[in-house]
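Heads up, the thing below is written out as structure tokens.
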């Protein structure tokens with residue numbers, strides 16, 4: 001089973017051309033039995049990333065190394081002004097604001113924002129991969145592949161959230177404002193951001209739940 005054309009055809013085009021994502025996060029390959037779990041475990045025992053001739057891009061040899069490479073890919077593309085990355089970045093930035101500025105007047109529910117962020121990250125991850133990465137995922141069961149994507153989505157969002165918390169904390173430290181003054185000064189902007197993010201999340205999640213209605 002050739003994974004590369006399938007995954008890139010479905011997801012890379014939709015992500016990097018900013019088409020709407022209308023399917024659940026991808027599952028990458030053939031069903032396998034319990035031996036896939038054993039292979040998965042053995043894959044994680046070593047961490048010896050090799051360099052290839054593909055622009056010195058590391059070739060992962062196990063799932064731990066694939067996670068490291070996935071984070072590097074995310075960092076490489078995260079600053080692009082594309083829908084997937086922009087939504088995740090803005091969600092993490094707002095989420096960080098609620099952590100740094102705990103006293104605010106907003107009635108916040110992060111659930112829809114986090115759900116769409118997770119979906120977007122899970123869709124973006126395999127769009128970065130090439131044959132060596134698919135070679136590690138293909139032997140795994142469909143369930144284990146999905147678990148890997150969900151784990152990566154959680155780790156990448158945690159990275160983005162932590163980065164934004166540190167960024168806002170540094171902004172306050174470098175300013176002449178107290179935390180209270182800073183939080184008051186940005187509350188209006190973050191209120192507007194939250195309203196827009198929630199509206200987008202609710203609309204896209206509804207579309208994902210009922211893809212037939214979008215045809």
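Of all residues assigned to region 105-127, none qualifies as being surrounded by 15 or more Cβ atoms within 10 Å (Cβ to Cβ), within 17 Å of residue 158 (Cβ to Cβ), in contact (Cβ under 8 Å) with a residue 60 or more places away in the chain and more than 14 Å from the chain's Cα centre (by Cα). Summed over region 168-206, residues that are farther than 16 Å from residue 87 by Cα, surrounded by 13 or more Cβ atoms within 10 Å (Cβ to Cβ) and in contact with a helix residue (DSSP H, G or I) (Cβ under 9 Å, 6 or more places away or on another chain) total 10.
Where a number appears in this text, it was derived from the coordinates with a stated rule and is not lab data. Everything numeric in this text was worked out from a predicted model, so none of it was measured. Glycine also receives a Cβ, built like all others from the backbone with ideal geometry; neighbour counts cover every protein chain displayed.
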